[in-house]
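Presented below is the structure to which this report refers.
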Amino acid sequence: MPTDVIMPALGMAQETGIVVQWKKHAGDRVVKGEPLLEVETDKAVVEVESPASGTLASITAEAGAEVPVGTSIAVIFGHEESEHEREALTSPLVGRSAPLAAPGGEVEELPAAKEARLQPASPKARRLAAESGADLSAVEGSGPDGAVVASDLPDAAAETELEVGRTWRVMAERTAAAWEAPHFYLTREVAAEPLLAFRAGLAGNREKVTVTDLLVKLSAMTLKRHPHLCSSWRQGRLVKASRISIGVAVADEGGLTVPVLPDADRKSLEEISAWREGAVERARSHRLHPEDLEGGIFTISNLGMHGVDAFTAIINAGQASILSVGRIAERPVVRRGKVEAAQTMILTLGCDHRAVDGARGALFLKDLVAALEDPAKVLG
């Protein structure tokens, strides 16, 4: 029996997804698990894998189409299906109603058949075309699979609105919604020299470990002793997560995404480093998988590489806290009554006051600073 390719859902609030591009065409042979298409969801652009091996057929959502989650957008039928069925399934009208004969012998197309010939276009391009009365079918698209994007429209030069994708729009909506949580912030300056010395002493496969990797591991180990920071406030209840899964914020031109490392407390530094490299590359090339974005309980946002000293980040929805990390820099410190220059970094812990009070947040930050200033004691 044919296997449906379904528009995926990555969150309870997601209602639709947008087809970015198909990596295969109708009639192509596909293998279960290989990349099939890219979809823009309410969290990020993700790569959808083929759910079965066989022949791809009946693609009903072209690039730019916005489709309700759970909808079948193509089918894959197995190698055992007959050649006749294969030809039928790859027909352009498969999955759509056939034309009907109208009175007088003329052929009337059903709406679904007309939709099959719609010019692929981005949601913004469709909106601008509707506002200006432009005919999308007369516009040559420069997007994936020939989809029309906003800049292809004749009056695009006069448009001052910046082009943003669904990832950016959802980021804007989610941060606005998340800001409704009662945030408070705690800040500590941390001696970074022990952390840098520990990293410099790593050898073998651990030489690629970054400061962010060490922050992920040490934060995960510290979170084990602070259950309130592993929780979220849901409908009047404080619910503790069963796993310590940490997200790392990744920014690109399309917006901000937060890939999640499951069971970060159980991962070695080598595993964390390899995961981070892969997750960042997938996020920036729009090849994140649905499982990359699920289950986070704590997020680390590091802007030190951009020269930022300190900042306050917005907590991700469904989480109780977020750690903002500034750059490591030489700053004046007082030691034994004397002012000296030392390498330090500034950490800012953002907390949802419904789940974490000031004292619990301060105790977590105290324990995390202690781990950062003596990583060998925690990591060996």
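The values are calculated or read from the model by the stated rules, or taken from the named source; none is laboratory data. Keep in mind the model is a prediction, meaning the values are calculated, not measured. Cβ atoms come from the backbone with ideal geometry, glycine included; neighbour counts cover every protein chain shown.
Summary table below
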{"read-out": "Residue in the stretch 223-237 that is among the aromatic types (F, W, Y) and within 24 Å of the chain's Cα centre (by Cα) present", "value": "yes"}
{"read-out": "Of all residues in the stretch 361-380 being of a type in the set (D, E, K, R) and surrounded by 14 or more Cβ atoms within 10 Å (Cβ to Cβ), the one that is nearest to W233 (Cα to Cα)", "value": "D367"}
{"read-out": "Qualifying position, being more than 13 Å from I346 (Cα to Cα), crowded, with 19+ Cβ neighbours inside 10 Å and in the same structural domain as L349 (by TED's automatic domain parsing), among V325, V250", "value": "V250"}
{"read-out": "Criterion (within 15 Å of the chain's Cα centre (by Cα) and either crowded, with 23+ Cβ neighbours inside 10 Å or touching a residue at least 40 places away in the same chain (Cβ under 8 Å) (or both)) met by exactly one of E62, E40, E66, E49", "value": "E40"}
{"read-out": "Strands (runs of 3 or more DSSP E) lying entirely in the stretch 192-262 (those with 1 or more residues that are of a type in the set (S, T, N, Q))", "value": "231-234, 255-257"}
{"read-out": "Any hit, the stretch 280-299, residues being under 18 Å from the mean Cα position of the chain (by Cα), at pLDDT 95 or above, within 27 Å of L196 (Cα to Cα) and not in a loop (DSSP other than H, G, I, E, B)", "value": "yes"}
{"read-out": "Test result for R237, out of contact with any strand residue (DSSP E or B) (no Cβ under 7 Å at 6 or more places or on another chain), more than 24 Å from V170 (Cα to Cα), in contact (Cβ under 8 Å) with a residue 24 or more places away in the chain and surrounded by fewer than 17 Cβ atoms within 10 Å (Cβ to Cβ)", "value": "no"}
{"read-out": "Verdict on A9 being modelled with pLDDT under 90, in a loop (DSSP other than H, G, I, E, B) and either closer than 13 Å to V170 by Cα or not assigned by TED's automatic domain parsing to the domain that holds G70 (or both)", "value": "no"}
{"read-out": "Test: V94 is of a type in the set (A, V, I, L, M), crowded, with 16+ Cβ neighbours inside 10 Å, at pLDDT 90 or above and farther than 30 Å from V260 by Cβ", "value": "no"}
{"read-out": "Qualifying residue in the stretch 143-158 (condition: touching a Leu at 6+ places or on another chain (Cβ under 8 Å), closer than 27 Å to R327 by Cα and either modelled with pLDDT of 90 or more or not in a helix (DSSP H, G or I) (or both))", "value": "no"}
{"read-out": "Options E291, E281: the member that is loosely packed, with under 14 Cβ neighbours inside 10 Å, without any contact (Cβ under 8 Å) to a residue 40 or more places away in the chain and within 24 Å of E207 (Cα to Cα)", "value": "E281"}
{"read-out": "Residues being farther than 19 Å from N302 by Cα and surrounded by 16 or more Cβ atoms within 10 Å (Cβ to Cβ) - total across the stretch 350-360", "value": "4"}
{"read-out": "Which listed residue is modelled with pLDDT of 50 or more and in contact with a Phe, Trp or Tyr (Cβ under 6 Å, 6 or more places away or on another chain), from G70, G54", "value": "G54"}
{"read-out": "Of the criteria (1) out of contact with any Pro (no Cβ under 8 Å at 6 or more places or on another chain); (2) basic (K, R); (3) over 30 Å from R335 (Cα atoms); (4) modelled with pLDDT of 95 or more, which one R174 fails", "value": "(4)"}
